[in-house]
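Please treat every number below as a calculation from the coordinates, not as lab data. Every value quoted in this text rests on a predicted model; they were computed, and no experiment measured them. As a convention, Cβ positions derive from the backbone with ideal geometry for all residues, glycine included, and neighbour counts pool all protein chains shown.
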Amino acid sequence: MKKLSFALLPTVLTAGPALAHVDPATHGSLAAGMTHPLMGADHLAAMVCVGLWAAVMGGRSMLALPAAFVAAMAVGFGLALFGSALPLVEPAILASIMALGVLVALSVRLSAVAGAALVAGFGLFHGFAHGAELGGAGALGFLGGFVAATAALHLAGVGLGLVLTRVAPGLALRTAGAGVAAFGALLAVAG
């Protein structure tokens with residue numbers, strides 16, 4: 001054990017700080033924004049699950065749900081930038097993960113308008129969290145980055161949902177939704 005500890009000493013002494021997100025000063029605001037939703041498991045799970053639920057609902061919902069989430073996310077970002085208060089941001093993000101997972105697991109189908117309104121509520125909180133974590137990034141570049149990444153995650157979720165529907169109709173998507181809901185519950189308990 002001593003040999004292993006001694007061998008790791010140079011690594012420990014030269015290690016830099018662990019950053020949860022890309023440094024905008026080094027990589028630019030756009031890159032910081034693009035990686036922000038990808039590096040936060042809570043955001044990643046919710047955003048892919050919006051796409052999964054859109055695939056469950058089908059039709060116009062496959063565009064309406066992602067568009068509503070992204071639009072509301074941009075509004076939430078703006079609220080954070082202008083110093084508005086939004087209570088319970090982190091609990092709402094965790095609730096979004098669990099709720100979206102349950103909606104997919106139960107194959108809940110709402111009208112495109114109702115589904116879009118629901119995910120827009122979730123998007124508002126996710127966007128506010130992004131704005132609160134802007135740091136030294138430029139607002140427009142950061143916004144453009146996380147909007148693009150979020151849209152890509154929604155698209156990935158829709159694609160995955162369509163594939164899972166063909167592979168094992170019902171079962172695969174329900175299992176994925178239950179997994180997302182369980183992950184959200186785990187995050188809530190751990191936090």
Cα-projected label distance for residue 175 with residue 82, points at 7 Å along beta-carbon direction, nm: 4.7 nm
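Taking other Cβ within 10 Å of each residue's Cβ, how do 36, 126 sort, fewest first? Kindly include the intermediate steps, with their values, before the conclusion.
Numbers: 36 23, 126 29.
Ranking 36, 126 by Cβ neighbours within 10 Å, fewest first, gives 36, 126.
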Debye, to nearest 20: dipole size of the chain, +1 on Lys, Arg Cβ, -1 on Asp, Glu Cβ: 500 debye
Chymotrypsin sites (Phe, Trp or Tyr not before Pro) within the stretch 48-128, DSSP loop, no more than 13 other Cβ atoms inside 10 Å: 82
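Can you compute the FRET efficiency between residue 166 and residue 71 using 1/(1 + (r/R0)^6), with r the Cβ-Cβ distance and R0 = 25 Å? Round to the nearest 0.05.
Details: r = 30 Å, r/R0 = 1.19.
It comes to 0.25.
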Nonlocal amide H pairs with residue 40, under 5 Å, H built at 1.01 Å: none
Karplus 3J(HN,Hα) series, Hz, for the stretch 161-175 with 6.51 cos²θ - 1.76 cosθ + 1.60 (x for Gly, Pro): x, 5, 5, 4, 5, 7, 5, 8, x, x, 5, 5, 5, 4, 5
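Across the stretch 29-190, how large is the tail of the calculated P(r) beyond 27 Å, expressed as a percent of all Cα pairs?
More than 27 Å apart: 18 percent of the Cα pairs in the stretch 29-190.
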Spacing of the two label points (7 Å from each Cα toward its C-beta) at residue 182 and residue 110, in nm: 2.5 nm
Positive dipole terminus of the chain, leading residue within 86, 186, 120 (C-beta point charges): 186
Virtual spin-label span in nm between residue 39 and residue 63, 7 Å along Cα→Cβ: 3.4 nm
Karplus-derived HN-Hα couplings along the stretch 141-151 (A = 6.51, B = -1.76, C = 1.60, θ = phi - 60°), whole Hz, x at Gly and Pro: x, 4, 4, x, x, 6, 5, 5, 5, 5, 4
Net charge of neighbours whose Cβ lies under 15 Å from the Cβ of residue 53, counting Lys and Arg as +1 and Asp and Glu as -1: +3
